[in-house]
1. Out of segment 35-54, which residues are in a loop (DSSP other than H, G, I, E, B) and either more than 16 Å from the ligand (Cβ to nearest atom) or within 23 Å of V102 (Cα to Cα) (or both)?
2. List, please: which pairs have Cβ atoms under 7 Å, are six or more places apart or on different chains, and start with a residue in segment 58-76 that is within 18 Å of L37 (Cβ to Cβ) and end with one that is more than 12 Å from the ligand (Cβ to nearest atom) and open to solvent by less than 20 Å² (accessible area, probe 1.4 Å)?
3. Would you be able to tell me the number of residues in segment 32-51 that are under 22 Å from L21 (Cβ atoms), surrounded by 11 or more Cβ atoms within 10 Å (Cβ to Cβ) and of a type in the set (S, T, Y)?
4. Kindly evaluate L90 against the criterion of being out of contact with any Gly (no Cβ under 6 Å at 6 or more places or on another chain) and among the hydrophobic types (A, V, I, L, M, F, W, C).
5. What is the number of the single condition among (1) part of a helix (DSSP H, G or I); (2) in contact with an Asp or Glu (Cβ under 9 Å, 6 or more places away or on another chain); (3) at pLDDT 95 or above that P65 does not meet?
6. What are the pairs, 6+ residues apart or on separate chains, where a residue within segment 77-101 that is touching a residue at least 40 places away in the same chain (Cβ under 8 Å) and within 10 Å of the ligand (Cβ to nearest atom) has its Cβ under 6 Å from a residue that is in a strand (DSSP E or B) and among the polar types (S, T, N, Q)?
7. I'd like the full set of residues that are away from the ligand (no atom under 12 Å from the Cβ) and open to solvent by less than 30 Å² (accessible area, probe 1.4 Å), limited to segment 55-74.
8. Can you name the residue in segment 13-34 that is among the charged types (D, E, K, R) and assigned to a loop (DSSP other than H, G, I, E, B) and, of all such residues, is farthest from the ligand (Cβ to nearest atom)?
Amino acid sequence: MRKILALAALAVGLVTGCTSLRDARGPSEICEVHHTLMNTVEVPGPHGSTQLDRDYVETGTRLFPHCYPDYPPDQRHRLVIYVCNDCARLQRDWKRTHQTTVPAYPSR
Ligand SMILES: [Zn+2]
């Protein structure tokens, strides 16, 4: 019976892909820039890193620190993060006006 249960657990793990989930939310659920309550969002974890435009990183750090991540996604690893609606809107606006400098990885 134990062998059957172990095989069933292994089969479920293989079918589902053995994903891991890590809580990467910060200590506060309030955006320090916009002073609004943020949403808890689950996103893919990073698969390697990417070199981002310096101006984008500096602007993002000051104006939209709680937005969607910009790295190649790894579907086997998931993160729970806080996303601020105002930060996400500013991130979209910045990307729309600077389309050639930031990669467009699907992170949602
Ligand atoms: Zn914000």
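1. Going through segment 35-54, the residues in a loop (DSSP other than H, G, I, E, B) turn out to be 35-36, 38, 47-53.
The answer is H47, G48, S49, T50, Q51, L52, D53.
2. From segment 58-76, the pairs are Y68/V43; Y68/S107.
3. 1
4. On the way: out of contact with any Gly (no Cβ under 6 Å at 6 or more places or on another chain): yes; among the hydrophobic types (A, V, I, L, M, F, W, C): yes.
Judged against the criteria, L90 is a match.
5. Among (1) part of a helix (DSSP H, G or I); (2) in contact with an Asp or Glu (Cβ under 9 Å, 6 or more places away or on another chain); (3) at pLDDT 95 or above, the lone unmet condition for P65 is (1).
6. V83/N39
7. Y56, T59, P69, D70, P72, D74, listed by residue number.
8. Taking segment 13-34 as the starting set, the residues that turn out to be among the charged types (D, E, K, R) are 22-23, 25, 29, 32.
Next cut, assigned to a loop (DSSP other than H, G, I, E, B) only: 25, 29, 32.
Values: R25: 14, E29: 11, E32: 8 Å.
Selected residue: R25.
The values are calculated or read from the model by the stated rules, or taken from the named source; none is laboratory data. All values reported here derive from a predicted model rather than from experimental measurement. Note: ideal-geometry Cβ built from the backbone for every residue, glycine included; neighbour counts use all protein chains shown. Just so you know, the surface numbers come from the protein's heavy atoms only, side chains and all, with ligands and any DNA or RNA stripped out. Shrake-Rupley method; radii C 1.70, N 1.55, O 1.52, S 1.80 Å.
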